[in-house]
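Below is one structure, written out as structure tokens; the observations come after it.
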Amino acid sequence: MSPGIVIMGLLVGFLVGLTGVGAASLLTPFLVLVGVHPSVAVGTDLAYNSVTKLFGTIQHWRQKTINVAVVKYLAIGSLPSAALAIGLLHIYSRAFHNEETLIKHGLGVVLILVAIATLIRIFFDKKLRTNRWQLKPMEQKRALTIAIGAVFGFLVGLTSIGSGSLFAIALLYLYRMSGAELVGTDIAHALLLATTAGALNAGLGNVNYMLALNLLLGSIPGVLIGSRLSAKVPSRPLRTVMSVLILISGVKLV
């Protein structure tokens, strides 16, 4: 038991519940900052995320707010792509022994993308909901959906970041969904992606289970507290501030 890690999980969970910003965007940089090896930080965060996404998926499944077809086609692209990223990173680390630098730079790039994606959702949400792609049937968007899954899945496999925010922008732009269905579909796909990538990292010894447990002990009550306060606190300014901080963190890591 590490009180410092539990408090870190509490803080991250609180901010996630309060603002809706993805946990990985906050947690992975924190872990790297406090000295956790980047590959272990990525693997542990994926394992931690798979547990948290499970509860969200169960709730949205009960509410019938998951678009199963979209989840399927995203996963067809993202799961093999994430596995490829993890495999290539493992080969690279054995050959060059400097994967730490590669992961840090990858984290920086993806954090910048996540910050931009979050800011787009904050300021252009309504504009993104009216375009010709949303009117097309699934058959015409199937290949594009798989391709998006492959690109973003590779980034998630490499850094653990983006399973929510990056995919959410794609869903927002490509599909006509209610807010609840968009969130439910995003969380359900993130569960599959985080679980697959987390299991592969666990097989490579890149998951610190005690660290993940300590984080969960803090983050679960943190999310509950933050979620309750979110109805009383204006989320848009907070999300904007968090996005700017994530953007700055990404620039520094690059």
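The values are calculated or read from the model by the stated rules, or taken from the named source; none is laboratory data. The shown structure was predicted, so the numbers you read here are calculated from the model rather than taken from an experiment. Using ideal geometry, Cβ is built from the backbone for each residue, glycine included, and neighbour counts are taken over all protein chains shown.
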*Which of the residues that make up the stretch 160-185 are at pLDDT 85 or above and under 19 Å from Val51 (Cα atoms)?*
Thr185
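Considering only the stretch 1-72, give the helices (runs of 4 or more DSSP H) lying wholly within it that have at least 1 residues that are under 12 Å from the mean Cα position of the chain (by Cα), of a type outside the set (D, E, K, R) and modelled with pLDDT of 85 or more. Talk me through it step by step, then tell me what you get.
Numbers: elements: 3-19, 23-33, 38-63.
Qualifying helices (runs of 4 or more DSSP H): 38-63.
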*asked:* I need the full set of residues from the stretch 92-101 which are free of Cβ contacts under 8 Å to residues at least 40 places away in the same chain and either among the small types (Gly, Ala, Ser) or under 21 Å from Ala194 (Cα atoms) (or both), in order please.
replied: Ala95
*Any idea which residue in the stretch 146-159 is modelled with the lowest pLDDT, counting only those that are surrounded by fewer than 24 Cβ atoms within 10 Å (Cβ to Cβ) and more than 24 Å from Pro29 (Cβ to Cβ)?*
Ile148
_Identity of the residue in the stretch 51-78, surrounded by fewer than 23 Cβ atoms within 10 Å (Cβ to Cβ) and among the small types (Gly, Ala, Ser), that ends up farthest from Val110 (Cα to Cα)_ = Ala69
_Can you list residue pairs whose Cβ atoms sit under 8 Å apart, with the first residue in the stretch 105-126 being acidic (Asp, Glu) and the second being surrounded by 18 or more Cβ atoms within 10 Å (Cβ to Cβ)? Count only pairs 6 or more apart in sequence or on different chains._
Asp125/Leu172
